[in-house]
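Below is one structure, written out as structure tokens, with a few remarks after it.
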Amino acid sequence: MNVGDVVTNKIKVLGNDPETRGVVYEIYADFDDPREQGVSVIFKNGEYDGFSHEDQKLFLNEESVPVPYWIRDYQFTNVMKLSQDFRNGFWDEIFQ
């Protein structure tokens, strides 16, 4: 997965019913296996979490959705800025 990829959750996650959209906002070295990638995802309700390579298989489905370039270019700095970006509507085009 890459920053800007759209996913849906397979089960209820962070107050989001199954099939709720999320967007990958960060890629990181998986804590369990540094050869793999973990992803951080923000969901439609503004909640966010990280998913290891194994967790991605268990909890997430990738969606093929056109994504604006500014979402693909998102530069994660910290969760306070992420939340502020959410409140300011940065992700709205994906979540509408």
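Each reported figure results from applying straightforward, stated rules to the coordinates on display, with no laboratory input. Remember, predicted model here, so these are calculated numbers, not experimental data.
Calculate one ³J(HN,Hα) per residue across the range 84-93 by plugging θ = phi - 60° into the Karplus curve 6.51 cos²θ - 1.76 cosθ + 1.60, and present them in order as whole Hz with x for glycine and proline. For the range 84-93, the Karplus curve yields 5, 4, 4, 4, 7, x, 3, 9, 3, 4 Hz. Counting 0.36 nm for each residue step from ASN61 to TYR28 and taking away their Cα separation leaves a gain of 10.0 nm. Helical runs assigned H by DSSP (4 residues or longer) give the chain a calculated mean residue ellipticity at 222 nm of -5500 deg cm²/dmol, each run adding -39500 (n - 2.57) before division by the residue total.
Compute the length gained on full extension between ARG72 and GLN96: take 0.36 nm times their separation in residues and subtract their Cα-Cα distance, giving the result in nm to one decimal.
Working: separation 24, 0.36 × 24 = 8.64 nm, distance 1.72 nm.
Full extension of this stretch gives 6.9 nm more.
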